[in-house]
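Colleague: Okay, handing you the structure first.
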Amino acid sequence: SHQDGQYNTVAGMLDGDDNTVDLYQGGTGESNDTIASIEGDNNNLKIWQGKKIDGFTDTTEGGDHEADVAIVGNNNNYHSAQTDQATNCCSDAHTLSADIIGNNNDVTHQQRGGKHIGDIDIAGSNNVVDLLQRGNNGHTANIELSGNGHTVDSTQRDNANHSLTLDLNNGG
């Protein structure tokens, strides 16, 4: 799915295994919403708000996108990126919320550019989370992990007041 333009909403539900889903909010558009629900095992989901990791695009990108994602199942990979290096338009923050239930999930979240907000809640075991916050505007990330054997790698770069709230339950 590609949202380019203004004030678009995409909502969808996927029930199945072994799927690849790419959701892109960006181009010159702004203020788009995505609501996605995925149930099944061995799925790969990528959400790009403005792009990066590494779908690239560092030109004029829209801002103020919102994405709400629910993933239920085992062995799912979730990668999200928020960036807006806009020079002519829309440098408003992106908001991303993900609820993930299942075992052995792999999560990568990258925030670059504007003042983005990312909330990730994971219930399950053996999860791996990789977070990168970079840019000069300060980002907010809230990560809550419930289950066993979590690994979290967080990198905060550049001259900003980035914020990470990390809540680990039942493991460490």
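Here is a yes/no grid of residues against (1) under 18 Å from Ala98 (Cα atoms); (2) among the small types (Gly, Ala, Ser):
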site	(1), (2)
Gly135	no, yes
Ala141	yes, yes
Gly149	no, yes
Gln156	no, no
His162	no, no
Leu166	yes, no
Asn169	yes, no
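Colleague: Sort out which residues of the stretch 111-152 are open to solvent by 30 Å² or more (accessible area, probe 1.4 Å) and polar (S, T, N, Q), and write them in order of number.
Modeller: Asn126, Asn136, Asn137, Thr140, Asn142, Ser146, Asn148, Thr151
Colleague: For a quick check of your reading of the model, give me the residue pairs whose first member lies in the stretch 11-22 and is open to solvent by 100 Å² or more (accessible area, probe 1.4 Å), whose second is assigned to a strand (DSSP E or B), with beta-carbon atoms closer than 7 Å and at least 6 apart or on different chains.
Modeller: Within 7 Å, the pairs are Met13/Ser37; Asp15/Glu39; Thr20/Asn44.
Colleague: Identify, please: which residue in the stretch 81-104 is modelled with pLDDT of 80 or more and buried (at least 22 other Cβ atoms within 10 Å of the Cβ) and is, among those, farthest from Thr151 (Cα to Cα)?
Modeller: That would be Leu96.
The values are calculated or read from the model by the stated rules, or taken from the named source; none is laboratory data. Please read these numbers as outputs of a predicted model, since none were measured by experiment. We place every Cβ from the backbone using ideal geometry, glycine too, and count neighbours over all the protein chains shown. The area values use the complete protein model at the heavy-atom level, side chains included, leaving out ligands, DNA and RNA. Shrake-Rupley method; radii C 1.70, N 1.55, O 1.52, S 1.80 Å.
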